[in-house]
Amino acid sequence: MPDRVGGGMTPASAQPRATYGLVLLVPALVLGVLVAAQWQTRAGRTPLASRYQLQLAEAATTFQDEQAKLKTEVVRLRAELDAVTAQSAAFGGRSAALKADLDRLRAFSGLTPVSGAGITVTLDDGRVPATAPTRTIELAIVHSSDITDVFNTAWKGGAEAIALNGERITGSSACVGAVIQLNGTLLSPPFVVRIVGPPDRLLAAFNDPAALSDQKKRHEVFGLGFQVARSASLDLPAYSGPLSVRFATAR
């Protein structure tokens, strides 16, 4: 009869069980090392990523402030140029005729303020939870193409001048990006489009079922902000951005 060791377990039976325990222990140790390494990597990466994101945000804010100052300077210099032109035109003759042509071209190019009746179109992101499907979120927010469609509808409706969040729209304007950028300025919702022109004709253009059908459907289904209202008096600023001239004719 074999001797019993350790409370009745024989050395032969203890060896397989010890081996089985060792087999389970090794993967557990490896898993623990991997989890710890991953946690340390994330812990070291997150502050660094956050720091760079903060620096980028600060840089963007600084650039926007500098751009705003430069636009103010452009407006001041253009006003001085207008004053010099007006003084030259006071002598009459050819100077007066040239000033009249210049004033007409400046107004056509959006370089002069405009006031008058018209309509106001407001676009805004829908209020959807962050847990909503990605496609739902995409359809509930305003894209640059939505704003461009509003511009095109306004021009078709007889718009004389358009401004978006205080930025005048001209032939040089470009509305691009997932984050809306116009005339080099970053804009945030709500996007308020002020349109000077014949109110009745403009309202008819925007109320046309064939116009902006995608935006109207997303307004009903996904809560995209879309409102059109008559405005008795609107004041639109002059364009203060750079001018991009591609063609010119000597006269």
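How about the stretch 141-158: which of its residues are crowded, with 22+ Cβ neighbours inside 10 Å and over 18 Å from the mean Cα position of the chain (by Cα)?
Scanning the stretch 141-158 gives ALA154, GLY157.
To keep it simple, each residue is scored yes or no on (1) touching a Lys or Arg at 6+ places or on another chain (Cβ under 7 Å); (2) within 23 Å of GLN215 (Cβ to Cβ); (3) surrounded by fewer than 11 Cβ atoms within 10 Å (Cβ to Cβ).
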position: ALA97; (1), (2), (3): no, no, no
position: LEU102; (1), (2), (3): no, no, no
position: SER109; (1), (2), (3): no, no, no
position: PRO113; (1), (2), (3): no, no, no
position: GLY116; (1), (2), (3): no, no, no
position: VAL121; (1), (2), (3): no, yes, no
position: ASP125; (1), (2), (3): no, yes, no
position: THR131; (1), (2), (3): no, no, yes
position: THR134; (1), (2), (3): no, yes, yes
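Right, ILE169: more than 24 Å from ALA132 (Cβ to Cβ) and modelled with pLDDT under 95 or not?
yes
Report every pair of residues separated by at least 6 positions or lying on different chains whose Cβ atoms are under 6 Å apart, first residue within the stretch 193-221 and more than 18 Å from GLY116 (Cβ to Cβ) and of a type in the set (S, T, N, Q), second at pLDDT 95 or above and not in a helix (DSSP H, G or I).
Qualifying pairs under 6 Å: GLN215/PHE226.
VAL84 versus (1) β-branched (Val, Ile, Thr); (2) closer than 22 Å to SER240 by Cα; (3) at pLDDT 90 or above; (4) part of a helix (DSSP H, G or I): which is the lone unmet condition?
Looking at each condition in turn, VAL84 falls short on (3).
Answer yes if at least one residue in the stretch 179-193 is over 26 Å from LEU111 (Cα atoms), part of a loop (DSSP other than H, G, I, E, B) and in contact with a His (Cβ under 9 Å, 6 or more places away or on another chain), and no otherwise.
So far as the stretch 179-193 goes, no, none of its residues is over 26 Å from LEU111 (Cα atoms), part of a loop (DSSP other than H, G, I, E, B) and in contact with a His (Cβ under 9 Å, 6 or more places away or on another chain).
Every residue, every condition in (1) under 23 Å from THR120 (Cβ atoms); (2) part of a loop (DSSP other than H, G, I, E, B), yes or no:
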site: THR131; (1), (2): no, yes
site: THR136; (1), (2): no, no
site: LEU139; (1), (2): no, no
site: ILE147; (1), (2): yes, no
site: VAL150; (1), (2): yes, no
site: ALA154; (1), (2): yes, no
site: GLY158; (1), (2): yes, yes
site: THR170; (1), (2): yes, yes
site: SER173; (1), (2): yes, yes
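The values are calculated or read from the model by the stated rules, or taken from the named source; none is laboratory data. What you see is a predicted model, and the numbers here were worked out from it, not measured in a lab. A quick note on method: Cβ atoms are made from the backbone with ideal geometry, for glycine too, and the neighbour counts reach across all protein chains shown.
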